[in-house]
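The values are calculated or read from the model by the stated rules, or taken from the named source; none is laboratory data. Only a predicted model underlies this, so the values are computations on that prediction, with no experimental measurement involved. Because the Cβ atoms are built from the backbone with ideal geometry, glycine has one as well, and the counts that use them run over all protein chains shown. Heads up: the accessible areas ignore ligands, DNA and RNA and are worked out on the full protein's heavy atoms, side chains in. Shrake-Rupley method; radii C 1.70, N 1.55, O 1.52, S 1.80 Å.
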Amino acid sequence: RRSSGVMVRGRTVVVTGGAGSIGTELCRQALAFDAKLVVAVDMNETGLYELQAETSMMNRQRSLNVCVADVTDPEQVTEIFERYRPEVVFHTAAYKHVPLMESHPRVALRTNVVGTLNVGLSARQVGSGRFVLISNDKAVAPASMYGVKKLIAEQVTAGLALASSDTRFACVRFGNVLGSRGSVV
């Protein structure tokens, strides 16, 4: 029987949006499944600091590195990927608050679409084994500009999959994740 931790055990894992509610939980799970190294990437330095403090208390700080970086900056993303050469990438970095992002469509487009392209290209360039885009249910028959941008991010990921021989690209759609910062409940 295959364990659910097989994908990350003994591997270097990058989690973009690593200070967010979903990204932080992915970091925790990767550490619990004995990833060799987890690299949390986010612009939220407070969230990254808190994640470091939490893992330090669990004596897992040696297995966690944090990078304050913006996924919309291709040079920063390339530098991180060339430095760590991740085998597994969970791309959660995205704006998630629908009404707010409807008023800021360019910011959502840049982060949710261009950020996905930058991270996906870097994963492919360094030969990461897996890239997983964490998307959401708003991409299904989008009724908002936010949903359209998430759907485009999925299409970018699908396009990268067609053009890649070494990296396996996948999208996972989450619904309303209870307790997450984007939760409406």
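Net length available on complete extension from A158 to E79 is 26.1 nm, with 0.36 nm assigned per residue and the Cα-Cα distance removed. Of all the accessible heavy-atom surface of the range 33-185, with the other protein chains kept in place and a 1.4 Å probe, what percent is carbon and sulfur? Looking at the range 33-185 in its full context, I get 54 percent from C and S. Based on DSSP, what percent of beta bridges with both residues in the range 1-74 are antiparallel, to the nearest 5? The antiparallel fraction comes to roughly 10 percent. All Cα-Cα distances of the range 120-162, cut into 5 Å bins from zero to the largest, leave 6, 22, 27, 20, 13, 9, 4, 0 percent in each bin in turn.
Amide H contacts for C171 (H built 1.01 Å from N in the peptide plane; partners 5 or more residues away or on another chain; cut-off under 5 Å): L133.
What is the packing order of peptides 46-54, 112-120, taking the mean over residues of other C-beta atoms within 10 Å and listing the highest first? List each step's numbers first, then the result.
Details: 46-54: 16.1, 112-120: 24.0.
So the peptides 46-54, 112-120, ranked by packing, come out 112-120, 46-54.
With contacts defined as alpha carbon pairs under 8 Å and 6 or more residues apart, what's the relative contact order of the chain in percent?
On the way: 351 pairs, mean separation 35.1, N = 185.
The value is 19 percent.
How fast does the range 58-142 diffuse by Stokes-Einstein, in µm²/s, taking the Kirkwood radius from C-alpha pairs at 37 °C and 0.692 mPa s? The partial results should precede the final answer.
On the way: Rh = 14.1 Å.
Estimated diffusion coefficient is 232 µm²/s.
Largest first, the extents of the alpha carbon coordinates of the range 1-111 on the three principal axes equal 45, 31, 27 Å.
Using the Kirkwood formula on the Cα atoms of the chain, what hydrodynamic radius do you get, in angstrom to one decimal?
Values: mean 1/r = 0.0612 Å⁻¹.
Every distinct Cα pair counted, the radius reaches 16.3 Å.
Rounded to the nearest 5, what % of the DSSP beta bridges within the chain are antiparallel ones?
Details: 1 of 26 bridges.
Around 5 percent antiparallel, to the nearest 5.
Distance distribution note for the range 98-138: the fraction of Cα pairs above 11 angstrom is 69%.
In the context of the full set of protein chains, the chain has a per residue accessible area of 52 Å² (1.4 Å probe).
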